[in-house]
Amino acid sequence: MSLEQFMNEAISPWLKDDGPDSDIVMSSRVRLARNFEDTPFPLIAEEEQMDNILSFFKNEFNHQSYNQYKDFEFVRMADLNSTEKQVLVEKHLISPHLADKSKYGASLISKNEQVSIMVNEEDHIRAQLYFPGFQLEKALQEAFELDDWLETKINYAFDENRGYLTSCPTNVGTGLRASVMMHLPALALTRKINRMLPAINQLGLVVRGIYGEGSEAIGNIFQISNQITLGRSEEDIIEDLKGVVEKLIEHERHARTILLDQSSLELEDRVFRSYGILQHSRIIESKETAKCLSDVRLGIDLGFINNISKSILNELVVLTQPAFLQQYAKKMLTPNERDVFRASLIRERFTMEQKEEY
Amino acid sequence: MECQECHQNPATVHFAQVINGEKSEIHVCQQCAKDKGYVSQEEDAYSLHNLLSGLFNTGSNTMQQQSLRKQEETLQCDKCGMTYQQFARLGKFGCASCYHTFADHLNPLFRKVHSGNTLHEGKVPKRAGSNIYQRKKLRDLKVKLQQAIADEAFEDAAQIRDQIKSVEKSLHREEEGEDS
Ligand SMILES: [Zn+2]
Ligand SMILES: [Zn+2]
C-alpha cells in the first residue's frame with residue numbers, strides 16, 4: 001500500500017479540517033456516560049446481561065444514521081486483533097479500557113469517525129464526539145442530539161436528585177466529560193504553564209500532558225477537562241472550561257509574541273533543527289518525534305515554515321504511534337525496528353508533501 | 001513545579017486529598033499518578049479508594065456517625081448484591097439501585113468529589129417521566145423569573161409567569177392522571 005493510501009485510511013476524516021483557533025486548540029471532545037436502567041453496570045454484570053446489551057446495540061444501531069452522522073458501524077472488540085484494537089485506541093476512538101474488555105466490549109463508530117459510542121466500557125454507554133479546533137459548545141449541542149437519539153430506544157438509569165447514574169461516583173450527574181487538546185509550546189518553553197496549572201485545578205478542571213508512554217506533556221500537548229459532573233449544568237461546565245481555554249489561548253499567544261520579540265533567531269534555529277531532524281533522521285524515538293513535531297507546528301504557526309501544511313503534523317502525530325507503524329509495516333516490530341521505520345515513514349511523508357508542491 | 005514522587009518530571013496532575021481528616025495537596029507527574037494509584041488508567045483523577053477510606057475514618061465519633069458506620073457493615077444492594085464495603089473498596093457502584101441503597105452515605109463522598117455538590121442540575125431524559133422534566137423546567141423558569149424581576153425586565157417576567165402557569169397546569173394534569 002502506498003503511504004498516501006494508507007494515510008487516507010489511517011486518519012479520521014474530521015481530523016483533516018482546521019477548526020477555530022486551531023493554531024492552539026487541536027481538538028474538542030465531549031463524552032457522555034450513560035447506563036441502562038435495569039442492568040447492573042459492566043463491572044459486575046453477568047455475561048448474559050452484557051451479551052444482551054451487545055445484541056441490542058447491534059440490532060438497533062448497526063448501519064443506522066442520524067443527522068449528518070451516517071452509517072454507524074458496530075465493531076465488536078472480540079472480532080479485532082490486538083493491533084487493530086490498538087489502532088482504534090491511537091485514533092482515540094476507543095479507550096484502552098475497552099480494548100482490554102475483549103469479550104463483551106464493542107463500539108459504534110460513525111463513518112467519518114467523529115462519533116464513537118463505546119458499549120460495555122466502565123459504563124454501558126460512553127458516547128463521544130470530536131470536533132477539530134475549539135468548538136466545545138457545538139460539541140455539547142451535538143452530543144445532546146446524539147443522546148436524544150439513543151434515548152428514543154433506551155431507558156437510562158436516571159435519578160431526579162443524582163442525575164445520570166454511573167459506575168464511578170466521579171461521573172454521576174451529567175456524566176459529562178468535556179476536554180480540549182491544546183498545543184502550548186510557548187507556555188511550556190517559558191515554564192509559565194507550571195505556574196498556571198494549580199490555579200486551573202482549583203476551578204475544578206484537570207490538566208494532563210498527553211500521549212506517549214512517558215510521563216510529561218510530550219510534544220507540549222495538554223488535555224484540559226472538567227472534573228466536576230454533579231451540581232452544575234452541562235452548559236455551565238462547558239462555560240467554565242471554555243473560559244479557561246480562552247485564557248490559555250491568550251497567554252500562549254502572548255508568550256509566543258514575547259518569544260518572537262526576544263529570541264526570534266534562537267526560536268527559528270530550534271524550529272529548523274527539528275524540521276531537519278524530521279526530514280533526515282534514520283532512527284527516531286517517539287519522544288523526539290513528538291518534540292520535533294511540536295517545534296515544527298510552532299514554526300508553521302509563527303510563519304517560519306510556509307511550504308508544508310499543518311495537517312501533515314496531525315497525521316504524523318497519529319501515524320508515528322506504535323500500532324500504526326506496525327499496521328503500515330504489516331508486521332510486528334521491535335522497539336528498535338519501530339524507531340527505524342518511524343524515521344523512514346516521516347521522511348517519506350515529507351517527500352510526498354514536497355512533490356505536491358510542484 | 002516538579003513531581004513530588006520522582007522529583008524528575010514536571011508535576012502535571014494536581015489535586016487535594018483528605019486522609020484521616022487532614023487535607024494535603026498532591027503534585028505529581030502523570031506516570032507517578034498512575035503508579036501510585038492517584039489516577040486510574042484513563043481519566044478519573046481521584047483515587048476513590050483513598051478518598052473513601054479517608055472520608056470514613058475521620059476519627060470523630062458522634063452518635064450519628066457511629067450508627068452510620070454500623071449500617072455500613074451490613075448494607076447490601078438487593079438488586080446487584082454489592083455490599084457497602086465492596087463499594088468502599090472498589091470505589092464503583094454495582095448498579096443504579098446501589099445509589100438508593102447507599103443513599104445515606106453518599107453525600108460526603110459526592111461533596112468531596114464534586115466540590116460540595118450533591119444534587120444534579122443538568123439534562124433530564126425526556127423519557128424518564130415527563131414529570132421530572134417538567135418539574136425541572138418549572139424550577140428553571142422560577143429562577144429565570146426571579147432574575148427578570150431583579151433586572152426589572154417586567155415584560156419578560158410576565159411572559160415567564162405565563163410559561164410557569166402552563167407548565168404547572170400540565171404537571172398538575174399529569175399527576176392527576178397518575179393517581180387515577
Ligand atoms: Zn513523578
Ligand atoms: Zn446495586
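Just to check your reading of the model, which residue among A:LEU15, A:LEU32 is out of contact with any Phe, Trp or Tyr (no Cβ under 7 Å at 6 or more places or on another chain) and under 18 Å from A:LEU98 (Cβ atoms)?
A:LEU32
Among the residues of region A:149-163, how many are touching a strand residue (DSSP E or B) at 6+ places or on another chain (Cβ under 9 Å) and within 7 Å of chain B (Cβ to nearest Cβ)?
Within region A:149-163, residues that are touching a strand residue (DSSP E or B) at 6+ places or on another chain (Cβ under 9 Å) and within 7 Å of chain B (Cβ to nearest Cβ) number 7.
In region A:153-161, is there at least one residue being closer than 28 Å to A:ILE249 by Cα, in contact with a Leu (Cβ under 7 Å, 6 or more places away or on another chain) and buried (at least 22 other Cβ atoms within 10 Å of the Cβ)?
no
Any residue in region A:89-96 that is over 27 Å from A:ARG162 (Cα atoms), open to solvent by less than 60 Å² (accessible area, probe 1.4 Å), modelled with pLDDT of 95 or more and away from chain B (no Cβ under 14 Å)?
no
Select from region B:97-115 the residues that are touching a residue at least 12 places away in the same chain (Cβ under 8 Å) and within 14 Å of ligand 2 (Cβ to nearest atom) and list them in ascending order.
B:SER97, B:CYS98, B:THR101, B:PHE102, B:HIS105, B:LEU106 - these are the residues of region B:97-115 that are touching a residue at least 12 places away in the same chain (Cβ under 8 Å) and within 14 Å of ligand 2 (Cβ to nearest atom).
If we keep just the residues of region A:254-277 that are surrounded by 16 or more Cβ atoms within 10 Å (Cβ to Cβ) and under 21 Å from A:PHE134 (Cα atoms), which is nearest to the other protein chains (Cβ to nearest Cβ)?
Taking the candidates together, the pick is A:ALA255.
Only residues that are part of a loop (DSSP other than H, G, I, E, B) and open to solvent by 10 Å² or more (accessible area, probe 1.4 Å): list them for region B:96-119, please.
B:ALA96, B:SER97, B:SER115, B:GLY116, B:ASN117, B:THR118, B:LEU119
Among (1) of a type outside the set (Lys, Arg); (2) within 30 Å of B:PHE87 (Cα to Cα); (3) out of contact with any Ser or Thr (no Cβ under 6 Å at 6 or more places or on another chain); (4) buried (at least 18 other Cβ atoms within 10 Å of the Cβ), there is one condition A:GLY175 misses while meeting the rest; what is its number?
(3)
Of the residues A:LYS85, A:LYS58, which single one is over 23 Å from A:ALA323 (Cβ atoms), in a helix (DSSP H, G or I) and of a type in the set (D, E, K, R)?
A:LYS58
Looking at region A:219-238, which of its residues are in a helix (DSSP H, G or I) and either over 22 Å from A:THR166 (Cβ atoms) or touching a Ser or Thr at 6+ places or on another chain (Cβ under 6 Å) (or both)?
Listed by number, the residues that qualify are A:GLY219, A:ASN220, A:GLU234.
Which residue, of A:ALA78, A:ALA99, is in a helix (DSSP H, G or I) and within 14 Å of another protein chain (Cβ to nearest Cβ)? Walk me through it before giving the result.
Numbers: A:ALA78 fails: within 14 Å of another protein chain (Cβ to nearest Cβ).
Within the list A:ALA78, A:ALA99, the selection yields A:ALA99.
Does region B:143-160 contain any residue that is surrounded by 16 or more Cβ atoms within 10 Å (Cβ to Cβ), within 30 Å of A:LEU205 (Cβ to Cβ) and not aromatic (Phe, Trp, Tyr)?
Yes, that holds for at least one residue.
To keep it simple, each residue is scored yes or no on (1) among the small types (Gly, Ala, Ser); (2) out of contact with any strand residue (DSSP E or B) (no Cβ under 8 Å at 6 or more places or on another chain).
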{"site": "A:ARG208", "(1), (2)": "no, no"}
{"site": "A:ASN220", "(1), (2)": "no, no"}
{"site": "A:ILE224", "(1), (2)": "no, no"}
{"site": "A:THR229", "(1), (2)": "no, no"}
{"site": "A:GLN262", "(1), (2)": "no, yes"}
{"site": "A:SER281", "(1), (2)": "yes, yes"}
{"site": "A:GLU285", "(1), (2)": "no, yes"}
{"site": "A:ASP295", "(1), (2)": "no, yes"}
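What are the residues in region B:85-95 that are near ligand 2 (Cβ under 9 Å from one of its atoms), touching a helix residue (DSSP H, G or I) at 6+ places or on another chain (Cβ under 9 Å) and assigned to a loop (DSSP other than H, G, I, E, B), if any?
The answer is B:PHE93, B:GLY94.
Would a scan of region A:166-179 turn up a residue that is in contact with a Phe, Trp or Tyr (Cβ under 7 Å, 6 or more places away or on another chain), within 15 Å of A:ARG29 (Cα to Cα) and more than 7 Å from chain B (Cβ to nearest Cβ)?
yes
Does A:ASN81 satisfy being free of Cβ contacts under 8 Å to residues at least 24 places away in the same chain, on the phi < 0 side of the Ramachandran plot, open to solvent by 10 Å² or more (accessible area, probe 1.4 Å) and not aromatic (Phe, Trp, Tyr)?
yes
What about A:GLU266, is it without any contact (Cβ under 8 Å) to a residue 60 or more places away in the chain and within 30 Å of B:ARG111 (Cα to Cα)?
So A:GLU266 fails the test.
Could you tell me which residue of region B:120-146 is farthest from A:ASP240 (Cα to Cα), considering only residues that are among the basic types (Lys, Arg) and part of a helix (DSSP H, G or I)?
From region B:120-146, those among the basic types (Lys, Arg) are B:123, B:126-127, B:135-137, B:139, B:142, B:144; that's our starting set.
Of the ones still in play, those that are also part of a helix (DSSP H, G or I) are B:135-137, B:139, B:142, B:144.
Numbers: B:ARG135: 26, B:LYS136: 22, B:LYS137: 23, B:ARG139: 22, B:LYS142: 24, B:LYS144: 20 Å.
Once the filter is applied, the top-ranked residue is B:ARG135.
Out of B:LYS136, B:LYS79, B:LYS126, B:LYS92, report the one residue that is closer than 23 Å to A:ALA33 by Cα, without any contact (Cβ under 8 Å) to a residue 40 or more places away in the chain and open to solvent by less than 70 Å² (accessible area, probe 1.4 Å).
Result of the check over B:LYS136, B:LYS79, B:LYS126, B:LYS92: B:LYS136.
State the number of residues belonging to region B:150-168 that are part of a helix (DSSP H, G or I) and on the phi > 0 side of the Ramachandran plot.
Within region B:150-168, residues that are part of a helix (DSSP H, G or I) and on the phi > 0 side of the Ramachandran plot number 0.
The values are calculated or read from the model by the stated rules, or taken from the named source; none is laboratory data. It should be emphasised that the depicted structure is a prediction, and the values quoted were computed from it without experimental measurement. In this analysis, Cβ positions are derived from the backbone assuming ideal geometry, glycine residues included, and neighbour counts consider all displayed protein chains. All accessible areas refer to the heavy atoms of the entire protein, side chains included, with ligands and DNA or RNA removed. Shrake-Rupley method; radii C 1.70, N 1.55, O 1.52, S 1.80 Å.
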